[in-house]
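J.: Next up is a structure, given as structure tokens.
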Ligand SMILES: *Cc1c(COP(=O)(O)O)cnc(C)c1O
């Protein structure tokens, strides 16, 4: 009886999700990650992956993972602090710190866990967390859970950020606590659903002026931006001014897991205080070994040629899309959102593309704001020019009558 009412309660909630055009479901893939996927017997050209350099199925990463399984087994047995701190985790962290040119690094089981553990460890109820309106859900959740006072500024709006920093310092000045309260600013470097870039230089200037800390999530920039592919902070020359550098091992690095890079004190503190690190089984050795191999590939000549291929595809695609009147961001990243507007229209467009053998799922609320549904087109180094030609032909045939909404932050 109780069970039936439970199921019917949930089924009513699901009906409501369906009515709003927001229902989602899983599709089982029968192939590895690549530019071409097999789903239910059908081959689809994949324009939705975050595997930007095509490393998720790279022979060197696979070999590293297999060797790690042979040497260290499939599981890690416990939390790192109990008995799960295997050599591949330590080797990965040395490689990460060297790659990002920081004193120290710590790996987590996911980027989500890295955000949750780190933000919760660094700030609490007397502190202020300041977020860009478009930061990833894991940062929003972490900031809420931390208990800190939360303030949000309009996307990339430096004036509003400065107003909030001024307010935070006044608030801290009148606080009667024994420890001095902190302000932590958090942004992404490349925004996951818009593909535009944060003004990191200006944000560094502001956080220094107001004595705040800055945390930057490089999930969509690590391996892609900067002379040594460390991320956008490197490209903009501000890496040394960012207190907390965060990222994932699951996107351009082709494996799975998350990381935090920064000074030794930060890493020592997180080992002692980050709950998602302390109270969670260590990632499997294969994931750490594959990520370490990815860091090598990214820094090699092959990595450079993969990036060249990616940026050339991005430039070609954006110029063709602009000719077809799609409003695009002027910033260059591997994420090119095609803003459709209504949820229903975005879903219909994605379905029409699927029929033509192209996979670009519609991105809807709550991932993006209501009424800003979009096709989040991503390119990878594994695409070829002929894949692009197919994409562009399919897009123009299915969107001939589709309204092109304006780019939200142009
Ligand atoms: C994907 C993503 C994360 C989460 O990383 P996972 O390793 O997938 O958990 C965090 N931040 C941003 C901006 C992301 O896009």
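The values are calculated or read from the model by the stated rules, or taken from the named source; none is laboratory data. This is a predicted model, so every value here is computed, not measured. Cβ coordinates were reconstructed from backbone atoms using ideal geometry, including for glycine residues, and neighbour counts include every protein chain displayed.
J.: Report whether or not residue 351 is surrounded by fewer than 16 Cβ atoms within 10 Å (Cβ to Cβ) and in a loop (DSSP other than H, G, I, E, B).
T.: Values: surrounded by fewer than 16 Cβ atoms within 10 Å (Cβ to Cβ): yes; in a loop (DSSP other than H, G, I, E, B): no.
Criteria not met by residue 351.
J.: Taking the conditions exactly as written (in contact (Cβ under 8 Å) with a residue 40 or more places away in the chain and in a helix (DSSP H, G or I)), does residue 317 satisfy them or not?
T.: Working: in contact (Cβ under 8 Å) with a residue 40 or more places away in the chain: yes; in a helix (DSSP H, G or I): yes.
Taking the combined requirement at face value, the residue satisfies it.
J.: Can I ask one more? Considering each of 140, 152 in turn, give the residue that is closer than 18 Å to residue 114 by Cα and either at pLDDT 95 or above or within 16 Å of the ligand (Cβ to nearest atom) (or both).
T.: Numbers: 152 fails: closer than 18 Å to residue 114 by Cα.
Of the residues listed, the single one that is closer than 18 Å to residue 114 by Cα and either at pLDDT 95 or above or within 16 Å of the ligand (Cβ to nearest atom) (or both) is 140.
J.: Condition test on residue 292, is it touching a strand residue (DSSP E or B) at 6+ places or on another chain (Cβ under 6 Å) and either under 13 Å from residue 118 (Cβ atoms) or away from the ligand (no atom under 15 Å from the Cβ) (or both)?
T.: Working: touching a strand residue (DSSP E or B) at 6+ places or on another chain (Cβ under 6 Å): no; either under 13 Å from residue 118 (Cβ atoms) or away from the ligand (no atom under 15 Å from the Cβ) (or both): yes.
No: the conditions fail for residue 292.
J.: Among what's in the stretch 251-267 and is in contact (Cβ under 8 Å) with a residue 12 or more places away in the chain and surrounded by fewer than 24 Cβ atoms within 10 Å (Cβ to Cβ), pick the residue that is nearest to the ligand (Cβ to nearest atom).
T.: Residues of the stretch 251-267 in contact (Cβ under 8 Å) with a residue 12 or more places away in the chain: 251-264, 266-267.
In the following step, the residues that additionally are surrounded by fewer than 24 Cβ atoms within 10 Å (Cβ to Cβ) were identified as 256, 262-264, 266-267.
Values: 256: 7, 262: 17, 263: 22, 264: 24, 266: 18, 267: 18 Å.
Looking at residues that are in contact (Cβ under 8 Å) with a residue 12 or more places away in the chain and surrounded by fewer than 24 Cβ atoms within 10 Å (Cβ to Cβ), I get 256.
J.: Checking residue 386 against (1) in contact with a helix residue (DSSP H, G or I) (Cβ under 9 Å, 6 or more places away or on another chain); (2) free of Cβ contacts under 8 Å to residues at least 60 places away in the same chain: exactly one of these is not met. Which one?
T.: All conditions pass for residue 386, except number (1).
J.: Continuing with this model, one more query. Find the strands (runs of 3 or more DSSP E) located wholly in the stretch 23-124 whose residues include 1 or more that are within 16 Å of the ligand (Cβ to nearest atom) and in contact with a helix residue (DSSP H, G or I) (Cβ under 8 Å, 6 or more places away or on another chain), and list them. Outline the logic, then answer.
T.: Numbers: elements: 36-39, 42-46, 104-108.
Filter on the stretch 23-124 gives 104-108.
J.: List the residue pairs whose Cβ atoms are under 7 Å apart, where the first residue sits in the stretch 106-132 and is touching a residue at least 40 places away in the same chain (Cβ under 8 Å) and within 9 Å of residue 277 (Cβ to Cβ), the second is assigned to a helix (DSSP H, G or I) and within 10 Å of the ligand (Cβ to nearest atom), and the two are 6 or more positions apart or on different chains.
T.: 108/114
J.: If the requirement is being within 24 Å of the chain's Cα centre (by Cα), farther than 22 Å from residue 231 by Cα and within 16 Å of the ligand (Cβ to nearest atom), which of these qualifies: 129, 135?
T.: Working: 135 fails: farther than 22 Å from residue 231 by Cα.
Step by step, each of 129, 135 is checked, and only 129 is within 24 Å of the chain's Cα centre (by Cα), farther than 22 Å from residue 231 by Cα and within 16 Å of the ligand (Cβ to nearest atom).
J.: Failed condition for residue 344, given (1) outside any loop (DSSP other than H, G, I, E, B); (2) surrounded by 16 or more Cβ atoms within 10 Å (Cβ to Cβ); (3) modelled with pLDDT under 95, with all others met?
T.: (2)
J.: Cβ-Cβ under 9 Å, sequence separation 6+ or interchain: first residue in the stretch 163-177 and within 11 Å of residue 210 (Cα to Cα), partner at pLDDT 95 or above and in a helix (DSSP H, G or I). Which pairs?
T.: Hits for this filter: 165/206; 165/207; 165/209; 165/210; 166/210; 168/210; 169/210.
J.: Something else now. So which residues in the stretch 187-219 are more than 14 Å from residue 115 (Cβ to Cβ), in a loop (DSSP other than H, G, I, E, B), touching a helix residue (DSSP H, G or I) at 6+ places or on another chain (Cβ under 9 Å) and touching a residue at least 60 places away in the same chain (Cβ under 8 Å)?
T.: 198, 212
J.: Quick check: is even one residue across the stretch 185-192 away from the ligand (no atom under 11 Å from the Cβ), over 27 Å from residue 92 (Cα atoms) and under 19 Å from the mean Cα position of the chain (by Cα)? Even if it seems obvious, please write down each step before you answer.
T.: Initially, the stretch 185-192 is screened for residues away from the ligand (no atom under 11 Å from the Cβ), giving 185.
Subsequent filtering for residues that are over 27 Å from residue 92 (Cα atoms) retains 185.
Narrowing the set further to residues that are under 19 Å from the mean Cα position of the chain (by Cα) leaves 185.
The answer is yes; a qualifying residue exists.
J.: Just one of (1) within 16 Å of the ligand (Cβ to nearest atom); (2) surrounded by fewer than 20 Cβ atoms within 10 Å (Cβ to Cβ); (3) free of Cβ contacts under 8 Å to residues at least 40 places away in the same chain trips up residue 227, so point out which.
T.: The failed condition is (1).
J.: Does the stretch 299-313 contain at least one residue that is part of a loop (DSSP other than H, G, I, E, B), buried (at least 18 other Cβ atoms within 10 Å of the Cβ), on the phi < 0 side of the Ramachandran plot and modelled with pLDDT of 95 or more? Lay out the reasoning, then the answer.
T.: Going through the stretch 299-313, the residues part of a loop (DSSP other than H, G, I, E, B) turn out to be 300.
Retained after the next criterion (residues that are buried (at least 18 other Cβ atoms within 10 Å of the Cβ)): none.
No, the stretch 299-313 has no match at all.
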